[in-house]
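The values are calculated or read from the model by the stated rules, or taken from the named source; none is laboratory data. Because the structure is predicted, anything quoted here is derived from the model rather than measured. Heads up, the Cβs are rebuilt from the backbone with ideal geometry, glycines too, and the neighbour counts pull from every protein chain shown.
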Amino acid sequence: MSNTKLHDIAKALVSPRKGILAADQSPNSMNKQLEANGIPPEAEMRRKYRQLMFTTPNIEQYVSGIIMHDGTIRNYTDDKTQFSDVLIAKGIIPIIKVDTGTVSHSGFPGEVVTQGLDGLALRLSEYYNMGARAAKWRAVFTITDSTPTEQNVVFDMIQMVRYAALCQEAEIVPIVEPEVIFSGPHSLERAEEVTTMVLKKLFELLIWYKVDLKGLILKSSMVLAGSEYQEQTPAKMVAEATLRTFENSVPPDVPGIVFLSGGQTPQRATENLDAIAELEIARGNLPWEFAFSFSRGIEVPVQATWLGKEENIPAAQAMLLERLKLNSMADQGTYEASMG
């Protein structure tokens, strides 16, 4: 595949009015979500839930790509159609999560590093044959007075850069996700400082190792004070800090930036997305396309509507479409909090 093809896929992932749906929770994480809604935490219920999502009529109006876990991309609908084929038929790009989680960073208490490089080239080839044309790798950084350390950031970003290079060699667009965790008592200023530092180091290393920036997507946290901070950050301040961070750290060659919801409530994540879009429109000169890439920020009300019951599928699919529509509107700066 030529670089041009990778560029085209990256641009398609941040198409106007569309976002990337993050449906890549591990079986354990998914089971906890199901149990919270009184749904049996079983493989078949996980499959039925993903089938509900992927077969939602008209989902392609608001979704450019869907991120899947290894077990999900290998799964099928009731009529034995592979999930990735269902998405491709709708014009949705199948995306595969390829990191294998985090482990403690030896010598750096309280910090973790992401694993998953072992055998990745072979796995990417297999995923490509399953229809995946993009992949995702997540690193995690927790803010305290002393973390993240520069050593931890550099170590983790080198793993992410190696992943990105392997993806492009495999003709797959890498989504790089250095998540700065929302949990904690840190201020907005501290969140901006850490997010800027992490992104600067990531792109410094991507450029140094000659990864094609036009053929990747950044998945980023919004910049906001921690969940335990004394007061919630107003959406306008979130937007200002977030765009300022990107202007100070993300090269203009990157085609798009998608936002994770990061533990925010569905409504708050949508409100902050709308504020970012409004400021982007007002500025009018930013080089990147912006989009949402939410998981809990969309799925929480869908699961609460479904409850594992066949008769609730139409209502749950309607709820999914409604949450996607609201976030699509927020991505255009036309959302109002009264909409839900």
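Of the residues making up segment 173-210, those that are of a type in the set (A, V, I, L, M), buried (at least 23 other Cβ atoms within 10 Å of the Cβ) and not in a helix (DSSP H, G or I) are 173, 175, 176, 180.
Could you check segment 162-208 and list, in sequence order, the residues that are in contact with a strand residue (DSSP E or B) (Cβ under 8 Å, 6 or more places away or on another chain), within 27 Å of residue 144 (Cα to Cα) and among the aliphatic types (A, V, I, L, M)? Answer for segment 162-208, where residues must be in contact with a strand residue (DSSP E or B) (Cβ under 8 Å, 6 or more places away or on another chain), within 27 Å of residue 144 (Cα to Cα) and among the aliphatic types (A, V, I, L, M): 175, 176, 180, 181, 191, 194, 198, 199, 202, 206.
Residue under question is residue 43, and the condition is that it be closer than 22 Å to residue 310 by Cα, of a type in the set (Gly, Ala, Ser) and at pLDDT below 95; does it hold? Please lay out each step first, then the result.
On the way: closer than 22 Å to residue 310 by Cα: yes; of a type in the set (Gly, Ala, Ser): yes; at pLDDT below 95: no.
Judged against the criteria, residue 43 is not a match.
Considered as a group, the residues in segment 10-29 that are over 16 Å from the mean Cα position of the chain (by Cα) and part of a helix (DSSP H, G or I) include one that is nearest to residue 96 (Cα to Cα), and that residue is 27. Pairs are defined by a Cβ separation below 7 Å, a sequence spacing of at least 6 or placement on different chains, a first member in segment 263-289 that is assigned to a helix (DSSP H, G or I), and a second member that is aromatic (Phe, Trp, Tyr) and crowded, with 18+ Cβ neighbours inside 10 Å; the pairs so defined are 269/294; 270/335; 273/259; 273/292; 274/335; 276/290; 277/290; 280/290.
Restricting attention to segment 292-340, and to residues there that are under 26 Å from residue 10 (Cα atoms) and among the aromatic types (Phe, Trp, Tyr), which single residue is surrounded by the fewest Cβ atoms within 10 Å (Cβ to Cβ)? Of everything passing the filter in segment 292-340, 335 is surrounded by the fewest Cβ atoms within 10 Å (Cβ to Cβ).
Only a single item in (1) of a type in the set (Asp, Glu); (2) crowded, with 16+ Cβ neighbours inside 10 Å; (3) over 15 Å from the mean Cα position of the chain (by Cα) is not met by residue 289, and it is number (3).
Given the residues 226, 263, which is the only one that is surrounded by fewer than 17 Cβ atoms within 10 Å (Cβ to Cβ) and in contact with a helix residue (DSSP H, G or I) (Cβ under 9 Å, 6 or more places away or on another chain)? Steps first, please.
Numbers: 226 fails: surrounded by fewer than 17 Cβ atoms within 10 Å (Cβ to Cβ).
When all the criteria are applied, what remains is 263.
So, residue 118, is that one in a loop (DSSP other than H, G, I, E, B) and either in contact (Cβ under 8 Å) with a residue 60 or more places away in the chain or closer than 19 Å to residue 211 by Cβ (or both) or not? So residue 118 fails the test.
Taking each residue of segment 188-205 that is touching a residue at least 12 places away in the same chain (Cβ under 8 Å) and looking for partners that are part of a helix (DSSP H, G or I) and hydroxyl-bearing (Ser, Thr, Tyr) with beta-carbon atoms closer than 6 Å, six or more apart or interchain, yields 192/245; 195/245; 196/245.
The set of residues in segment 50-104 that are over 20 Å from residue 133 (Cβ atoms) and buried (at least 22 other Cβ atoms within 10 Å of the Cβ) contains only 56. Of all positions in segment 105-122, at least one carries a residue that is over 18 Å from the mean Cα position of the chain (by Cα), farther than 28 Å from residue 226 by Cα and among the charged types (D, E, K, R).
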